[in-house]
1. Show me 176-188, 208-220 ranked by packing, highest mean number of other Cβ atoms within 10 Å first.
2. HN-Hα J couplings of the range 133-140 from phi, Karplus 6.51/-1.76/1.60, θ = phi - 60°, integer Hz, Gly and Pro as x?
3. List the chymotrypsin sites (Phe, Trp or Tyr not before Pro) in the range 241-296 that DSSP assigns to loop (not H, G, I, E or B) and whose Cβ has at most 16 other Cβ atoms within 10 Å. Which are they?
4. Listing CYS296, CYS129 from the residue with the fewest other Cβ atoms within 10 Å to the one with the most, what is the order?
5. As an exercise, use a Förster radius of 22 Å and the Cβ-Cβ distance of SER348 and GLU460 to find the FRET efficiency, rounded to the nearest 0.05.
6. Report the gain in length on full extension from ALA173 to ARG418: 0.36 nm times residue separation, minus Cα-Cα distance, nm rounded to one decimal.
Amino acid sequence: MTVSVVPERIPALEALSDGFCMVGPEWRLTYCNAAAERMLGAPRAEVLGLTVSAAFPRADEASVRERLSRARDADAPVRMPGEEIFPDAPHPFCVIATPAEDGVALQLRAVEPGAGRSRGLLESLRHGCVAVDAAGRITYANRAARGVLGVLGAWRHAVPGAEIWSLLPEVPAVLRDTLRAALADGKPHRLHSIEVEAEPFRGRFFDVWTRPLADGGASILFEDVTARIERDKDLARYAAEAEEASRARARFFAAASHELRTPLHAIVGYSHLLATATFGPLPREAQRAAERSSMCAEHLSRLVDDVLLLSTTEIDRLRVVPVRLAPAEFLQAAMEPLRVQAEAKGLSFTIAAPESLPPVESDPDRLRQVLQAVVGNALKFTPRGGVRVEARTAADPGTMEFRIADTGPGIPADDRERIFQPFEQLCDPSRTDSATRGTGLGLTVARQLARRLHGTLDVEDGEAAAGAVFRLRVPVDFPSQG
């Protein structure tokens, strides 16, 4: 397409709402209409004869000449790329250049005042942003998109007007299919973690969004998520390695604990026989040593049992056989050994369980194990006063609550969760009397067993001086195993 050189004034051009300028062989303005005067903010007498770079706000002369040279040699109008919007003009405009006889004709098309700023924001994005018309021709591509499409350096100005199909890789085909679908159905589409095989994209992953535009075209947003994919792969590998290390540790503890159990049981048995003078009377010192040995052996045996439960998945695999229990009767029987222990220590021991309580469906062995662990812990750390064990219906419907209160030193609020962690204790860690101090695993095992019974075990809020209050809640009706 070629237009003839126009005289100084043509009424038809003067009536145009778009600005119109002619540029001669030396890249100087030879004509501008009234709309161009308004857009440039200067009378035509002042701009005629100026170079385009001098007449247009903040235009780079070398860049303008290079673009105008391409426009002069082209067969069709050339729309300047996004950077050639002039937002600083009195009336912001973009430029469309058309080859003309002995020069170039420039059409100055008005844009919204914020368009230049919007393009500036798009240029600053790290994600590629491309706009195409209904035929798939690129009307805009920001800096990041030119990098994503592999159009760099001297080729970057060839993007506007190019067909997007010539720049998109053939594989994966879903990339082209999604864009065609967006142009056809006018609906947004999204692709997750698309891997591109072609150079220069090999080994890179993208999230791609396509959205319809009002003129029938579509916008495309490319987000390079390669770093995220690699990070996710690393995290998955680390998690697998940690899981394998955990399984190896569990296998080791299980094997070691099982091997320890047999000799420990023998030590416990023979120590008890010696301490009770089964083989005949012993000197007082020897009997005291036998009693101490028996106590330490029992402590070590409990520790091995607790470690075995915690270091493997045995708690989760423990068989649970729920039966109907009368809370008052069950509690009296389960607490009898601990009543004897409390009396031997000079502590009061109270059980409060009304006969009118409804029956509870639970595993008696596991429930007894939880209660004995918590009550035994209370007796161990209560130097004077006593322990009270109470059964009652909880405020939550369908729940039975067992409340264990002691008159010991209490548990500070900050430590009420810590005590349920393995090997955590509130007593002085410098003490070497571990048999009296405890293993630090009883409450941990008790809480896990409570969860196995579909219940909860926690410490109530209250003043530390009032002692500790533990609360075990279990469902009245054991949930179906499905």
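No value in this document is a laboratory result; all are computed from the given coordinates. Being a predicted model, the structure only gives us computed values, none of them experimental. Here Cβ is always computed from backbone atoms with ideal geometry, including for glycine, and neighbour counts include all displayed protein chains.
1. On the way: 176-188: 15.1, 208-220: 17.2.
Peptide ranking by packing, descending: 208-220, 176-188.
2. 7, 4, 8, x, 7, 6, 9, 7
3. Numbers: sites: PHE252, PHE253, TYR270, PHE279; in loops: PHE279.
Hits after loop and neighbour filter: PHE279.
4. Numbers: CYS296 15, CYS129 21.
Exposure proxy ranking, most exposed first: CYS296, CYS129.
5. Values: r = 20 Å, r/R0 = 0.92.
Once rounded, the FRET efficiency stands at 0.65.
6. On the way: separation 245, 0.36 × 245 = 88.20 nm, distance 5.54 nm.
Length gained between ALA173 and ARG418: 82.7 nm.
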